[in-house]
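The values are calculated or read from the model by the stated rules, or taken from the named source; none is laboratory data. Keep in mind that this is a model prediction, so the values were computed, not measured. Positions of Cβ are generated from backbone atoms using ideal geometry, with glycine treated the same way; all protein chains shown enter the neighbour counts. Side chains included, ligands, DNA and RNA excluded: accessible areas come from the protein's heavy atoms. Shrake-Rupley method; radii C 1.70, N 1.55, O 1.52, S 1.80 Å.
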Amino acid sequence: MKNFKLLFCALLAAVVLASCSDSETYADMKKKERSAINRYINNQKIKVISEAQFEAQDCTTDTAKNEYVLFDNTGVYMQILRKGTGEKIKDGERLDILCRFSEYNLLEGDSVVTCSNIYGYTWCNDRMTVKNTSGSFTGVFSTDMCVMYRFYSSTAVPSGWLVPLTYINIGRYDSKGAELAKVRLIVPHSQGQSDAAQQVYPCMYEITYERGR
C-alpha cells in the first residue's frame, strides 16, 4: 500500500510538471507576437520611421519607400496610403464613420484574411460612432450589419483603429476628385479586438474611413 501511494504521488508530480512545462506564459505569448510582427516587417521590407520623422514629414508616410510610423506608446505601426478629402474630426464632435477593411492574423501569416467586409459581406459597411474629446478618440460599433461585431461579439472599436483619426480627413465620395482616407495598420494585441487581446496575437489591417450620412 505504501509503495502504491509513493507511485501515485510520483505519477501525479510528473503530470503536474508536464502541465507546467507545456503551459505558455503571457511573456511567451508576447515574444511570439513580437516575432510575428518583426517577421512581417522584414518580409514586407517595411521601413519603420519614428514619430519625430513622421511629424517632420507633415504627418505623412512615403509609400514609395514603404514607410510605416511606429507609435511608441501603443506599439501600433501605421502607413497612410491616402489622407482623404474632407475634414478631421473636431474636438467635441461625435461622428458616424463607415469602414471597409480586411484583417490578417500575423501569427497565421500575412496572406490569410481572418475577417473582412471587402472579400466577404461586400454589401456591408462597418459603422462606428466616434467621439473626439480633446484629441482622444473613443468609438463603438453598430450591432446592425457590422462584420466586426458579428465576428467578435463586441461593440468596442479596437484602439488601433482609432490611431489614424488624428492624422486623416473623413469625407465622402461627393464631388469630383474626392477620395476616402485609407491606411494600413499593424496592431498588437493590447490595441486590438477582443480575440486578439485574449489570445495575444497581432493583426494587420487595411482600412478605409468614410463619413456617414
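Packing around the peptides 181-192, 149-160, 24-35, taken as the average count of other Cβ atoms within 10 Å per residue, puts them in this order, highest first: 181-192, 149-160, 24-35.
For segment 72-115, count all C-alpha to C-alpha pairs, find those more than 17 Å apart, and express that count as a whole percent of the total. Provide the component values of the computation, followed by the final result.
On the way: 577 of 946 pairs.
Here the long-distance tail beyond 17 Å is 61 percent of all Cα pairs in segment 72-115.
Pull out a ≥ b ≥ c, the square roots of the eigenvalues of the alpha-carbon gyration tensor of segment 34-82, then state rounded if a/c is under 1.5, prolate if not and a/b is larger than b/c, and oblate in the remaining case. Verdict is oblate for segment 34-82. Of the labelled figures (i) 56, 39, 28; (ii) 88, 39, 34; (iii) 52, 40, 35, only one reflects Cα extents along the principal axes in Å as derived from the coordinates, namely (ii).
Using Cβ point charges alone (K and R +1, D and E -1), the dipole size of the chain about the Cα centre works out to roughly 220 debye. What is the angle, in °, between the Cα long axis of helix 2-22 and the longest principal axis of the Cα atoms in the chain? Nearest 10 is fine, range 0 to 90. Approximately 20 degrees, to the nearest ten. Legend: calculated FRET efficiency, N38 to T129, from the Cβ-Cβ distance at R0 = 45 Å, rounded to 0.05, equals 0.80.
What relative contact order, as a whole-number percentage, does the chain give when Cα pairs under 8 Å and 6 or more residues apart are counted? List each step's numbers first, then the result.
Numbers: 411 pairs, mean separation 48.3, N = 213.
23 percent.
Per-peptide packing, taken as the mean over residues of other Cβ atoms within 10 Å, places 193-199, 79-85 in the sequence 79-85, 193-199 from highest down.
Placing +1 on the Cβ of every Lys and Arg and -1 on the Cβ of every Asp and Glu, with no other charges, gives segment 113-213 a dipole of roughly 220 debye about its Cα centre. For segment 144-191, what does the alpha-carbon gyration tensor say about shape, rounded, prolate or oblate, given a ≥ b ≥ c as the root eigenvalues, a/c under 1.5 as rounded, and a/b over b/c as prolate? Note, shape of segment 144-191 comes out oblate. Look at the alpha carbon pairs under 8 Å that are at least 6 residues apart: their mean separation over the length of segment 113-190 gives a relative contact order of 20 percent. Amide H contacts under 5 Å for L81: K182, V183, R184, restricted to partners 5 or more places along the chain or on a different chain, H placed in the peptide plane at 1.01 Å from N.
Compute the long axis of helix 26-43 from its Cα atoms, compare it with the longest principal axis of the Cα atoms of the chain, and write down the angle in degrees, 0 to 90, nearest 10. For 26-43 against the chain, the angle is about 50 degrees. Taken per residue, the accessible surface of segment 62-173 reaches 46 Å², heavy atoms only and a 1.4 Å probe. In order along segment 137-149, the phi-based Karplus estimate (6.51 cos²θ - 1.76 cosθ + 1.60, θ = phi - 60°) of 3J(HN,Hα) comes to 9, 10, x, 10, 7, 6, 8, 8, 6, 10, 5, 4, 5 Hz; Gly and Pro are listed as x. The antiparallel fraction among DSSP beta bridges confined to segment 35-149 stands at about 85%.
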